[in-house]
1. So, in Å, what gap is there between the alpha-carbon centers of region 864-930 and region 1-71?
2. Arrange the peptides 421-428, 803-810, 565-572, 167-174 so that the one whose residues have, on average, the most other Cβ atoms within 10 Å appears first.
3. With contacts defined as alpha carbon pairs under 8 Å and 6 or more residues apart, what's the relative contact order of region 752-942 in percent?
4. Which of rounded, prolate or oblate describes region 132-270 when judged by the alpha-carbon gyration tensor and an a/c cut-off of 1.5?
5. Enumerate by residue number the GluC sites (Glu not before Pro) in region 794-863 meeting two conditions: DSSP loop (anything except H, G, I, E, B), and at most 16 other Cβ atoms within 10 Å of the site's Cβ.
6. Calculate, for C30 and R83, the FRET efficiency according to 1/(1 + (r/R0)^6) with r their C-beta to C-beta distance and R0 30 Å; round to the nearest 0.05.
7. Given H placed 1.01 Å from N in the peptide plane, which residues other than close sequence neighbours of R795 have an amide H under 5 Å from its amide H?
8. Tell me whether region 484-523 comes out rounded, prolate or oblate; compute the Cα gyration tensor, take square roots of the eigenvalues as a ≥ b ≥ c, and use a/c under 1.5 as the rounded threshold.
Amino acid sequence: MEAGSLPMELWRLILAYLPLADLGRCCLVCRAWRELVLSLDSTRWRQLCLGCPECRHPNWPRRPQLAPPSWREALRQHALASRTWTQNGAELHSSACLHLFRRRKDRRVWHVGAAPGCGYETLRGALAAAGPYDRVLLHPGVYEEQAEVTLKVPVEIVGMGKLGDVALLVSFDQQCPTARLCNLVFMPAWFSPVVYKTSSGHVQLDNCNFEGCQLHVRGPGTCQARFCSFAQGSSAHFLGVAISLMDSCEFSGGDSASITVEGPPVSERNWACKHLAALAKTLTAVTMATSSGSIVDAVSQDTKDSLGRISHRDTSLGGHITMEDWTKQEVDWETGWTKQKAINGGLLPGQEGTVIEDDSMDTSNESSDEDNELRGANVSNIDYTLSYEQHGLAHLSEPGLPDCASFPALLSLSAELQRDAEAQELASSVQGCLLRRCLLRDGKGGVHLCNHAQARLEANVFRGLNYAVRCIQNAKLVMLRNEVSGCRASGVFLRLSAQGLIAENNIHSNGEAGLDIRKGANPIILCNRIHSGLRSGIVVLGNGKGFIRSNQIYGNKEAGVYILFNGNPVVSGNHIFQGLAAGIAVNENGRGLITENVIRQNQWGGADIRRGGDPILRNNFICHGYSDGVVVGERGRGLIEGNHIYGNRGCGVWVMSSSLPQLIGNYITHNRMYGLAVFCRKDPESSGAGEGYRPAQERERGGGGGGGGGERGGQENFHEEGELLAWESDMDSEDERFSSRRPITVALVENNCMSRNGAVGVYVKSSEALNVVGNMVANNRAAGMSIIQSSQLTRLVGNCVHGNGRVGITVDRECRVELRGNGIYGNGCHGICFRGDGQIVENDVVGNGAIGIRVMESADVKVLRNRVQALQGCAISVRQQVRGVIQENLVYQGFPVNIKPPIYTNPLNQECVVLSNTLLTHRPNTPWALENPPPRPLCNNPPSTTSSAHPANLAISMTSRITTTVESGCHNNGSIFCSIL
């Protein structure tokens with residue numbers, strides 16, 4: 001009969017009445033019939049799949065409302081999995097297609113129950129009579145045994161009717177090679193909570209319910225459980241298993257871990273191991289093809305997280321964010337991410353008391369009327385202008401503003417695995433307990449791994465637990481494409497040298513950290529979405545390590561990545577954005593290599609380092625933050641190298657003077673406030689401008705940031721289930737030899753480009769020594785460098801300061817400053833305005849808008865061997881009661897209309913010596929340039945450090961009990977929103 005002889009609709013209607021075996025035979029007729037049978041996927045195949053008493057909806061229990069990609073394929077996978085228990089016998093010589101439907105000739109069926117025709121009333125009696133591979137059918141009822149039932153021969157026990165009609169109050173001890181139980185409800189017997197245990201054989205559990213009881217499997221025994229429900233505190237325990245499979249099961253209401261895996265996989269294998277491994281690999285391939293779409297798509301439909309905010313994704317990276325757009329936006333943290341900027345440049349929320357101190361304003365006010373007139377003159381004769389473009393820092397000229405297209409792209413999991421052999425090996429490993437497509441909800445714990453155990457968790461949903469996964473004591477975890485949400489503590493804990501691969505998971509809306517890594521744990525964390533947490537995204541502490549790459553970390557209430565207490569991870573290639581606190585926080589002696597991340601649009605500092613934090617922060621994009629780009633707080637250290645820090649609402653880099661950072665080779669541009677700001681820990685003044693950079697809410701509290709006050713009690717919860725925070729003395733890192741970095745005793749700022757910031761380029765109000773060497777400070781809105789307070793020596797050596805809106809370099813009274821080898825060119829006001837104590841030696845001060853070098857008030861200074869040209873004013877002006885020496889300076893003639901003397905001194909001042917200075921006048925048709933040496937700074941200034949001196953792998957030991965609380969307030973003169981928690 002031809003398929004085309006009837007309409008296709010009639011054929012589908014006819015075939016809809018055929019059973020499964022007949023549909024299989026029809027597929028063998030011809031290609032047209034096969035295609036016709038396959039077209040019944042959403043009708044007949046769906047009916048057969050849902051009508052099977054041995055299984056449930058293919059997407060139960062996670063998303064039973066979501067249809068599978070193919071009902072026929074789901075039924076096929078069920079048929080293959082349901083027959084694993086029979087594959088230990090001798091293979092029949094039959095074709096592959098018949099192998100699936102083979103039956104043993106001597107197999108018998110035994111009926112148990114009180115109904116007429118049942119051969120036995122008790123389960124024990126039927127099992128005593130059953131032969132190998134016989135089926136025992138239990139009619140509806142409750143079956144109770146007063147002693148343990150031992151299974152000595154392979155047997156299949158099946159409950160008739162609907163699930164729940166047959167209940168067993170029995171404790172089984174399997175001593176046979178294989179067994180299968182289906183469509184049963186297990187409840188604990190009066191003498192033991194363990195309803196089933198096996199230590200050598202294989203057990204298959206299909207469509208069973210466990211209520212208030214336990215399942216125990218000990219290696220080399222194995223287990224395959226499908227469509228089972230563990231409720232009312234039920235749990236599964238695996239000890240030393242080589243492989244076991246839990247597929248599409250539900251765990252709920254437990255007062256301990258739902259699944260416990262303990263001990264290393266035993267070397268002995270039973271017959272089922274190879275079959276379970278093959279089945280697991282097959283299902284893994286299917287899951288990788290379909291699970292990502294089903295899970296991620298379902299998650300993407302949820303447009304709001306548990307905090308009531310819109311879920312934030314990295315899709316905005318595809319659009320271009322201009323500086324103009326950024327400055328027009330302002331954040332509203334209660335109702336949305338951005339709102340229109342306040343009229344006339346209103347302050348950010350929490351900035352009501354912030355004052356940008358600018359010493360150049362005082363300089364302008366104290367300038368004489370003659371100087372004001374000269375600055376207003378407009379002389380265009382360029383013959384007298386000295387050229388300075390060929391200075392030694394031309395290579396640090398301001399680059400173009402980076403856009404979203406220049407951000408490092410997030411790598412896919414396949415790309416990450418191709419470049420990481422260890423991660424690739426973990427991703428392909430199938431060993432230990434395999435948990436796939438399960439739902440674990442509303443209990444104390446999800447999965448607990450300990451003592452060298454191994455587990456693979458794939459495409460599961462963890463919801464409403466105390467914790468989802470706890471991996472300790474050298475256990476190994478592979479966790480792929482799971483959803484972890486709503487945990488009351490952290491989502492995933494890793495402790496005591498645990499390791500593994502955590503990839504492509506959706507971890508969100510947890511009460512503590514999404515991932516908590518400590519005590520020597522060293523996982524690989526790839527391509528996850530970690531977001532909307534009530535605390536931090538990832539916490540690494542207590543000698544914890546790890547490789548954190550290509551993750552999206554966003555929308556967390558505290559730091560996206562928080563490193564402290566000797567935590568030492570590698571954080572690379574992540575996008576950390578739209579957090580309600582810092583992007584990355586390194587505190588309490590934390591370390592780490594933080595490289596090539598995109599850290600943007602966070603409410604507090606993009607990177608926050610303090611209290612002994614000593615990371616390497618290299619080649620990151622830290623941009624568009626609602627506060628500062630990088631904050632180095634009290635006792636902060638670290639190497640900050642090669643980063644692009646731009647477009648932040650606060651400072652580019654904010655540094656506390658008690659810290660010892662190294663800032664090398666960064667581009668710090670287009671920030672709303674200072675490019676680099678260095679502040680004292682405490683302000684000696686009690687009011688007025690002395691509170692210039694201290695947030696108003698901190699002044700109202702009247703304290704610094706060291707205590708535990710402020711929001712949320714000021715203390716992170718690093719105690720977990722009563723766990724002591726005392727590391728063992730033998731936890732000292734074996735990588736201590738890699739942590740040696742050249743010790744420094746003075747903060748270093750070297751080879752950075754600080755340009756086009758909204759206030760001063762480099763602002764120093766410090767009580768500690770500071771070295772500022774070889775930097776390009778250009779085109780900032782206010783002064784280039786402003787030294788307001790410096791009780792210790794501040795050295796400004798080999799810098800290029802040009803094109804700034806006001807004074808090039810200004811030094812306030814009582815400051816100790818050395819200026820040597822700098823090029824100070826083309827600034828809008830004076831080149832140097834000096835009121836403090838120190839030296840001005842071998843600088844080039846050319847082309848500035850007013851006086852070249854202005855020394856005033858009670859300064860004590862030596863001005864030696866400088867080259868100065870002031871086009872419209874005095875080259876060197878010494879006013880008031882200055883003490884010092886003005887000697888061997890080379891003064892170039894300014895414009896002809898300039899009638900000011902090249903060097904002006906106060907005739908009443910007898911304490912300033914002026915001698916051996918030289919005036920060069922311009923001669924037509926003769927070279928007029930800075931020669932021998934060329935324009936400063938010179939290019940032969942060697943950098944004090946190289947990147948090779950800073951190893952990528954850092955470690956440090958923890959030997960003392962941790963009792964320090966985490967600060968929640970800001971320090972005096974603190975950064976805007978500068979605290980971590």
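All of the numbers you see were taken from the coordinates with simple rules; none came from a lab. Note that the coordinates shown come from a computational prediction; the quantities given were computed from them, not determined experimentally. Virtual Cβ from ideal backbone geometry, glycine too; neighbours counted across all protein chains shown.
1. Using only Cα atoms, the two centres lie 98 Å from each other.
2. In decreasing order of mean packing, 421-428, 803-810, 565-572, 167-174 become 803-810, 565-572, 167-174, 421-428.
3. So the answer I get is 14 percent.
4. It comes out oblate by the Cα gyration axes.
5. In loop regions of region 794-863 (DSSP not H, G, I, E or B), the sparsely surrounded GluC sites (Glu not before Pro) are E814, E857.
6. 0.60
7. The answer is L770, N771, V772, E818.
8. Judged from the Cα gyration tensor, region 484-523 comes out oblate (a/c at least 1.5, b/c at or above a/b).
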